[in-house]
Amino acid sequence: MSKDKAFTIIGRAALIISECQRGVIEPERTIFPGLANEVGRRGIVPRIARLADCFRAATLPVIHATAAHRADFLDVKPNTLVDALVRKNRTMVAGTPDVAIVPELAPLPQDIVMERSSGMIPFLGTALDPILRRMDIETVVITGVSTNLAVSGSAFAASEMGYHVVIPEDCIAGADPDVHRAIVDGQLRMLARIVDAEAVISALAL
């Protein structure tokens, strides 16, 4: 993790909070208990909440990237293990408690909720990219879950679309700590600036 005191954010930034929903990260609801356990163990939710407050104070956008499926699951093709499990367990259906954002990160009126019904990357099949461009965003700060799927996918997509990507490593989690570390060190550092929440907060205050 970078401890570079010279870290700065390039241009206007937006905070993206990925899938911090009850049916994803609450232990009593999720079908991915390992992920929920790591979210709790790493303590990412309070840090993300603090980041969100700092972005709002700086009048910069906070975007909640969420997933919510049709009740008949016509929008979910079981071509991945995750999608197959979602269909099998009939979870993350629009309008149910599963898809609600956890209370600690509940959106404020000025936040943007970018819901998608299929896929695992918020930048694909949504209006996220055009909205960011209309707000003159140059840097995206990606937080939430999971390290090995939505976070990594978002980092790939955003970097390919020309955004600067920042990932506060203490604000993301995956189901396995060793896999998380390997992905951060071997993959994400090639796509994004890896820092911590305090570095982002300090950069916002400059």
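The values are calculated or read from the model by the stated rules, or taken from the named source; none is laboratory data. Computed from a predicted structure; not experimentally measured. Please note: Cβ atoms are built from the backbone with ideal geometry, for glycine as well, and neighbour counts cover all protein chains shown. Surface accessibility is based on the protein's heavy atoms, side chains included, excluding ligands, DNA and RNA. Shrake-Rupley method; radii C 1.70, N 1.55, O 1.52, S 1.80 Å.
Key figures
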quantity	calculated
Scope the range 153-166; condition in contact with a helix residue (DSSP H, G or I) (Cβ under 6 Å, 6 or more places away or on another chain) and within 19 Å of Ala197 (Cα to Cα); matching residues	Ala155, Val165
Residue count, the range 96-125 (criterion: in contact (Cβ under 8 Å) with a residue 24 or more places away in the chain and farther than 16 Å from Glu28 by Cα)	18
All positions within the range 93-118 that are closer than 26 Å to Leu51 by Cα and part of a loop (DSSP other than H, G, I, E, B)	Ala100, Val102, Ala106, Pro107, Leu108, Pro109, Gln110, Asp111
Selection status of Val151, crowded, with 16+ Cβ neighbours inside 10 Å and not hydroxyl-bearing (Ser, Thr, Tyr)	yes
Count of residues meeting criterion [open to solvent by 30 Å² or more (accessible area, probe 1.4 Å), more than 27 Å from Ala71 (Cα to Cα) and aliphatic (A, V, I, L, M)] in the range 118-140	2
Unmet criterion (only one of (1) closer than 27 Å to Asp129 by Cβ; (2) in contact with a helix residue (DSSP H, G or I) (Cβ under 8 Å, 6 or more places away or on another chain); (3) in contact (Cβ under 8 Å) with a residue 60 or more places away in the chain; (4) among the β-branched types (Val, Ile, Thr)) for Ile10	(2)
Tabulated pairs, the range 34-61, first under 17 Å from Ile137 (Cα atoms), second at pLDDT below 95, C-beta under 9 angstrom, 6+ apart or interchain	Cys54/Ala205; Ala58/Ala205
